[in-house]
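This report refers to the structure that appears directly beneath it.
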Amino acid sequence: MVGLTLPTGLMQDRVSLLRRAFHEIGVKTVSRVDLTATSRVDLLRLLRRFRNSYDVIAVKCVNQNVAAVACRDRRVDVVFFDPRNGKVRFNHSLANLLRCGLELNFPSTLVKGADSAVYARISREVAIAREHRTRVVLSSGSLSAQMVRSPSEISAIASAIGLSAEQSRRGVSEVPRSIILRNFLKRSQEYVEEGVKVVTPSAR
Amino acid sequence: MAMARRYFLIKIVSEVPLVEQQFNQVMTESVRRYFGEFGLARIDPRVIRFDSQRSEVIVACRKEGAQDLEAAMALISEVSGSQMALLTLRFSGTIKSLRRKKREKHSTPS
């Protein structure tokens, strides 16, 4: 299964074309959108607009207000932070608020001109995630094919930075899978709300 | 008693062809950068076989440093200004089983 991060303005026929290309070689696809908002109102508007159109909603936290809303909102699946952005960082209060997963993009944030400040910041965030037993999603966050890494490599990097062995293993397997399965269920015809679904005669 | 080791089969994906010495230098530098001198001594990475035709390398390290070596190699992204990636294809406790796993993979019909 492959997660396709799609721009919000992409036409539906282009999306179908992209998905068909993967389906032809036997790979299932999951649509994902990265939302970037500068205020709470903006983020809520974007969530209202795009929640039902994508399988996975990720929010890039650019400031503390957006981070607080994104961490609390049930419609958000994963949040991620730019370690080079000094305005916001993943701290204990956000870890307490967090209902969704925290995404860590390892090779991409560590290799592209990263200095000791970036490393220090990432290891602090990892330590907080470990302390609060946050649901961590590990990803390569790559923009090119050369930067894509295997799940075991990403898990090894996470362990080296300080994430527990269990968290780093689950971060490339169970946690992303559970997010996708939950969203498939939510987007199905039978789903009404949390714990309630229509049981059709064919389902019996 | 002999030190337990782990063996990695690595695929080099690079824009420019690499020689063994270059590969060794890049790998050692990456381990030193992320884990320091003590880490380098603890991991003790060594090139066992370098196949420039297939762009495949067998690297050995100490058993307790295997995960760190995998991380250090995954964090390599360029060599002398051009993009590069080292992909871990297999890892095993002996070179023999590493080769067997590789053969099994190639003989499995897709």
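Within the range B:79-96, the set of residues being more than 15 Å from A:Pro107 (Cα to Cα) and either among the polar types (S, T, N, Q) or touching a strand residue (DSSP E or B) at 6+ places or on another chain (Cβ under 6 Å) (or both) comprises B:Ser80, B:Ser82, B:Leu89, B:Arg90, B:Phe91, B:Ser92, B:Thr94, B:Ile95. When you go through B:Phe38, B:Phe8 one by one, which is the residue that is free of Cβ contacts under 8 Å to residues at least 24 places away in the same chain and hydrophobic (A, V, I, L, M, F, W, C)? Testing whether each residue is free of Cβ contacts under 8 Å to residues at least 24 places away in the same chain and hydrophobic (A, V, I, L, M, F, W, C) leaves just B:Phe38.
With respect to the stated conditions, B:Arg42 fails to be in a strand (DSSP E or B) and over 22 Å from A:Arg149 (Cβ atoms). Looking across the range B:7-37 at every residue that is part of a strand (DSSP E or B) and out of contact with any Lys or Arg (no Cβ under 7 Å at 6 or more places or on another chain), the one that is nearest to the other protein chains (Cβ to nearest Cβ) is identified as B:Val13.
Only one of A:Arg149, A:Arg169, A:Arg133 is within 14 Å of chain B (Cβ to nearest Cβ) and assigned to a loop (DSSP other than H, G, I, E, B); which?
Values: A:Arg169 fails: assigned to a loop (DSSP other than H, G, I, E, B); A:Arg133 fails: within 14 Å of chain B (Cβ to nearest Cβ).
Exactly one residue qualifies, and that residue is A:Arg149.
Taking the listed residues B:Arg42, B:Arg54, B:Arg32, B:Arg6, the one that is over 19 Å from A:Ser159 (Cα atoms), out of contact with any Asp or Glu (no Cβ under 6 Å at 6 or more places or on another chain) and either of a type in the set (D, E, K, R) or at pLDDT 90 or above (or both) is B:Arg54, with no other qualifying. Inside the range B:80-102, residues that are part of a loop (DSSP other than H, G, I, E, B) and at pLDDT below 90 make up a count of 2. The lone criterion from (1) under 30 Å from B:Val31 (Cβ atoms); (2) of a type outside the set (S, T, N, Q); (3) more than 16 Å from the chain's Cα centre (by Cα) left unmet by A:Leu138 is number (3).
When the test is whether a residue is surrounded by 15 or more Cβ atoms within 10 Å (Cβ to Cβ), over 15 Å from the mean Cα position of the chain (by Cα) and over 29 Å from B:Glu15 (Cβ atoms), B:Arg100 does not pass it.
Looking at this structure, is B:Ser92 within 18 Å of A:Ser152 (Cα to Cα) and of a type in the set (Ser, Thr, Tyr)? Yes: the conditions hold for B:Ser92.
Just to be sure I understand, how many residues within the range B:59-102 are within 13 Å of chain A (Cβ to nearest Cβ) and not small (Gly, Ala, Ser)?
Let us first name the residues in the range B:59-102 that are within 13 Å of chain A (Cβ to nearest Cβ), namely B:61, B:64-79, B:82-91.
From what's left, not small (Gly, Ala, Ser): B:61, B:64, B:67-70, B:73, B:75-76, B:78-79, B:83-84, B:86-91.
Qualifying residue count for the region: 19.
Here A:Val199 passes the criteria (1) surrounded by 15 or more Cβ atoms within 10 Å (Cβ to Cβ); (2) assigned to a loop (DSSP other than H, G, I, E, B); (3) over 15 Å from the mean Cα position of the chain (by Cα); (4) β-branched (Val, Ile, Thr) except the one numbered (1).
Hey, can you tell me all the residues within the range A:155-166 that are at the interface with chain B (Cβ under 7 Å from one of its Cβ atoms) and either surrounded by fewer than 16 Cβ atoms within 10 Å (Cβ to Cβ) or out of contact with any Pro (no Cβ under 7 Å at 6 or more places or on another chain) (or both)? Full working, then the answer.
Residues of the range A:155-166 that are at the interface with chain B (Cβ under 7 Å from one of its Cβ atoms), as a first pass: A:156-157, A:159-160.
A:Ala156, A:Ser159, A:Ala160 - these are the residues of the range A:155-166 that are at the interface with chain B (Cβ under 7 Å from one of its Cβ atoms) and either surrounded by fewer than 16 Cβ atoms within 10 Å (Cβ to Cβ) or out of contact with any Pro (no Cβ under 7 Å at 6 or more places or on another chain) (or both).
Can you spot a residue in the range A:176-192 that is exposed (fewer than 12 other Cβ atoms within 10 Å of the Cβ), assigned to a loop (DSSP other than H, G, I, E, B) and basic (Lys, Arg)? No. The selection criterion, being on the phi < 0 side of the Ramachandran plot, small (Gly, Ala, Ser) and within 14 Å of chain B (Cβ to nearest Cβ), does not hold for A:Ser93.
Within the range A:136-146, if we keep just the residues that are assigned to a loop (DSSP other than H, G, I, E, B) and within 11 Å of another protein chain (Cβ to nearest Cβ), the residue that is surrounded by the fewest Cβ atoms within 10 Å (Cβ to Cβ) turns out to be A:Ser144.
Please enumerate the residues belonging to the range A:35-66 that are small (Gly, Ala, Ser) and farther than 17 Å from A:Gly9 by Cβ. Talk me through it step by step, then tell me what you get.
Just the residues of the range A:35-66 that are small (Gly, Ala, Ser), to begin with: A:37, A:39, A:53, A:58.
Within the range A:35-66, A:Ser39 is the sole residue that qualifies.
The values are calculated or read from the model by the stated rules, or taken from the named source; none is laboratory data. As the structure is a prediction and not an experimental result, all values here were calculated from the model. No Cβ is skipped: glycine too gets one built from the backbone with ideal geometry, and neighbour counts run over all protein chains shown.
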